[in-house]
Amino acid sequence: MSKLSIKNMNLFYDDFQALHNVNLEIPKNQITAFIGPSGCGKSTLIKSLNRMNDLIEGCKIKGDILLDEEDIYKKDFDVNVLRKKVGMVFQQPNPFPMSIYDNIAYGPRTHGIKDKKTLDALVEKSLRGAAIWEEVKNDLKKNALSLSGGQQQRICIARALAVEPEILLMDEPTSALDPISTAKIEELVTVLKENYTIVMVTHNMQQASRVSDKTAFFLNGKIVETGETRKIFTNPQQKETEDYISGRFG
């Protein structure tokens with residue numbers, strides 16, 4: 001069953017067309033990976049899924065993006081509700097310059113949760129969900145910026161989980177991390193998909209083949225091929241996909 005459906009989507013920055021006729025179904029409780037060379041439209045598409053492109057002047061979108069069959073670009077769709085349902089983790093860890101506790105409690109507080117007991121429980125649940133509770137439980141007052149890069153990224157994942165989203169968007173979440181931290185994040189996302197639908201942009205093809213259920217290959221703003229990850233990597237149907245996966249370009 002699809003959690004997100006993208007239908008005949010075209011995206012323009014003023015006169016430049018960045019995405020061409022994108023059609024994609026993103027299944028519930030699976031990891032969908034976007035792969036392809038730099039500048040091919042992967043990040044542009046992922047940022048459209050929680051309307052972050054709204055913030056870019058001259059950006060216009062044609063076509064439909066449906067979340068549970070509802071068009072997220074229709075006029076009366078509440079963007080705040082959308083961003084509560086669709087969390088985002090970026091390439092560079094970006095914790096707020098405040099305590100670990102306040103980083104995680106930030107989202108719930110902005111959504112009106114003030115009760116300390118409720119916040120305490122949410123903070124613990126989110127940090128456990130991001131597999132970092134045991135490492136930080138005695139240091140919740142510590143500034144999140146004092147943590148290692150890999151820990152900071154897991155704090156950012158916990159912060160995204162704290163507002164109890166349904167979908168987690170991850171834009172190259174491990175590209176700034178060392179191999180050990182990368183392995184922890186990969187292990188984490190495979191556990192998280194039990195409760196969340198995950199979309200991950202990655203430059204790392206081994207990562208896509210290790211963690212994702214479905215893969216979409218992008219080239220020049222178009223989806224060349226999409227399907228079950230195992231099939232895309234072992235038996236691609238398009239020559240461009242095969243060339244990219246085998247390292248002939250990109």
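The values are calculated or read from the model by the stated rules, or taken from the named source; none is laboratory data. Quick caveat, the model's predicted, so the values are computed rather than measured. Cβ coordinates were reconstructed from backbone atoms using ideal geometry, including for glycine residues, and neighbour counts include every protein chain displayed.
Identification of strands (runs of 3 or more DSSP E) wholly contained in segment 165-250 with 3 or more residues that are of a type in the set (D, E, K, R) and within 21 Å of residue 4 (Cβ to Cβ) yields 222-228. Of all residues in segment 83-101, those that are in a helix (DSSP H, G or I) and either over 18 Å from the mean Cα position of the chain (by Cα) or modelled with pLDDT under 95 (or both) total 4. What number of residues within segment 225-243 satisfy the criterion of being out of contact with any Lys or Arg (no Cβ under 9 Å at 6 or more places or on another chain), farther than 20 Å from residue 197 by Cβ and either in contact (Cβ under 8 Å) with a residue 40 or more places away in the chain or of a type outside the set (Val, Ile, Thr) (or both)? Number satisfying all stated conditions: 9.
Residue by residue, here is whether (1) modelled with pLDDT under 95; (2) under 26 Å from residue 33 (Cβ atoms); (3) touching a Phe, Trp or Tyr at 6+ places or on another chain (Cβ under 6 Å) holds:
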| position | (1), (2), (3) |
| --- | --- |
| 49 | no, yes, no |
| 103 | no, no, yes |
| 140 | no, no, yes |
| 143 | no, no, no |
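Kindly check whether there is at least one residue in segment 103-126 that is closer than 17 Å to residue 184 by Cα and under 24 Å from the mean Cα position of the chain (by Cα). Yes, segment 103-126 has at least one match. Residue count for segment 196-238 under the criterion of being farther than 23 Å from residue 161 by Cα and modelled with pLDDT of 95 or more: the result is 25.
Checking each residue in segment 118-142 for being outside any helix (DSSP H, G or I) and touching a helix residue (DSSP H, G or I) at 6+ places or on another chain (Cβ under 8 Å) picks out 130, 131, 132, 137, 139, 140, 141, 142.
Take residue 12 and tell me if it is in contact (Cβ under 8 Å) with a residue 12 or more places away in the chain, in a strand (DSSP E or B) and either among the small types (Gly, Ala, Ser) or buried (at least 17 other Cβ atoms within 10 Å of the Cβ) (or both). No, not satisfied. Of everything listed in (1) farther than 25 Å from residue 186 by Cβ; (2) at pLDDT 95 or above, the single unmet condition for residue 79 is (2).
So which residues in segment 28-76 are part of a strand (DSSP E or B), in contact (Cβ under 8 Å) with a residue 24 or more places away in the chain and surrounded by fewer than 14 Cβ atoms within 10 Å (Cβ to Cβ)? Result: 60, 62.
Among the residues of segment 124-162, those that are in contact with a Leu (Cβ under 7 Å, 6 or more places away or on another chain) and more than 16 Å from residue 91 (Cα to Cα) comprise 126, 129, 130, 131, 133, 136, 162. Considering 104, 157, the condition of being in contact (Cβ under 8 Å) with a residue 60 or more places away in the chain, outside any loop (DSSP other than H, G, I, E, B) and not acidic (Asp, Glu) is satisfied by 157 alone. Among the residues of segment 152-173, those identified as in contact with a Ser or Thr (Cβ under 8 Å, 6 or more places away or on another chain), surrounded by fewer than 24 Cβ atoms within 10 Å (Cβ to Cβ) and not aliphatic (A, V, I, L, M) are 166, 171, 172. Taken over segment 107-135, the criterion of being in contact (Cβ under 8 Å) with a residue 24 or more places away in the chain, surrounded by fewer than 20 Cβ atoms within 10 Å (Cβ to Cβ) and under 20 Å from residue 174 (Cβ atoms) is satisfied by 131 alone.
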